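One structure is given here, and the rest of the page talks about it.
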Amino acid sequence: MTRKLFWQDPYRTMLTTQVSAVDNDRIRLAETIFFAFSGGQESDHGTLAGHPVLSAEKDGLDILYTLAPGHGLQAGSEVEIAIDWERRYRLMRLHFAAEMVLQLVYKLRPGIERIGAHISADKGRIDFAHEGSIAVLLPQIETEVAALLDADLPIVTAFTDEAAQRRYWEVAGFARMACGGTHPRSTAEVGALRLKRKNIGKGKERIEISLGGTPLDGTPLAAI
């Protein structure tokens, strides 16, 4: 089973490891830093042994990476993985931004049903079953998000069940939620947000989330 090092250190961008199995163009690795689509968060982009990874997908508790034909890799080959850090960092920030917004919507509208979510490197979205416009909630959400960012609170991540690879994040005094994505170290790293309401059908409301600037802690991307 692939050891998922992106949970231990989501800031790591390069790794040397070994191929554990090859099935034509589908590769399994001994360990990886390359996140595969899960929980609405898109996969990382990057290379494996210099070859662009065409797709990364979960296979039970394992991950399969697809390369173009002719890669020449075999079980036991030593390979280097490199991920697109700028994309990863935006995904991390947008993922946690969406988690904050979700928890605040739950707080303001107890019992509301989330019916969808997606995190890309450009924006995040959360869909709700909700009659009427959800826009009325946005000013209060924005105010409370700004307070969380200013507080620069640690984002703790860990396993609830390591054998089953079930994980969670927690911000003390705010919320705890089951999640297997990648997250920044603190709320301040998310940076300023822009929220937009969109109606996507009768009784269906969407909140779109985009990043409004650099992390509020002022940390340059290259220094992280």
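The residue that is modelled with the lowest pLDDT, among those in segment 201-224 that are within 19 Å of the chain's Cα centre (by Cα) and among the β-branched types (Val, Ile, Thr), is Ile224. Set side by side, the residues Arg197, Arg114, Arg125 differ, and just one is surrounded by 19 or more Cβ atoms within 10 Å (Cβ to Cβ), among the basic types (Lys, Arg) and either touching a residue at least 12 places away in the same chain (Cβ under 8 Å) or assigned to a loop (DSSP other than H, G, I, E, B) (or both), which is Arg125.
Scan (1) more than 16 Å from Pro184 (Cα to Cα); (2) open to solvent by 20 Å² or more (accessible area, probe 1.4 Å) for the single condition Leu67 breaks and write down its number. Only one criterion in (1) more than 16 Å from Pro184 (Cα to Cα); (2) open to solvent by 20 Å² or more (accessible area, probe 1.4 Å) is unmet by Leu67, namely (2).
Scanning segment 129-180 for residues that are free of Cβ contacts under 8 Å to residues at least 24 places away in the same chain, in a strand (DSSP E or B) and either open to solvent by 80 Å² or more (accessible area, probe 1.4 Å) or under 24 Å from Phe34 (Cβ atoms) (or both) yields Val156, Ala158, Phe159, Thr160, Asp161, Arg166, Tyr168, Arg176, Ala178. The lone criterion from (1) aromatic (Phe, Trp, Tyr); (2) in contact (Cβ under 8 Å) with a residue 24 or more places away in the chain; (3) open to solvent by 30 Å² or more (accessible area, probe 1.4 Å) left unmet by Phe96 is number (3).
Residues of segment 18-32 include at least one that is open to solvent by less than 50 Å² (accessible area, probe 1.4 Å) and among the charged types (D, E, K, R).
The values are calculated or read from the model by the stated rules, or taken from the named source; none is laboratory data. Since the model is a prediction, treat every value here as computed from it, not as a measurement. Cβ: placed from backbone, ideal geometry, glycine included. Neighbour counts: every protein chain shown. Side chains are part of the model used for accessible areas, which takes the heavy atoms of the whole protein and leaves out ligands, DNA and RNA. Shrake-Rupley method; radii C 1.70, N 1.55, O 1.52, S 1.80 Å.
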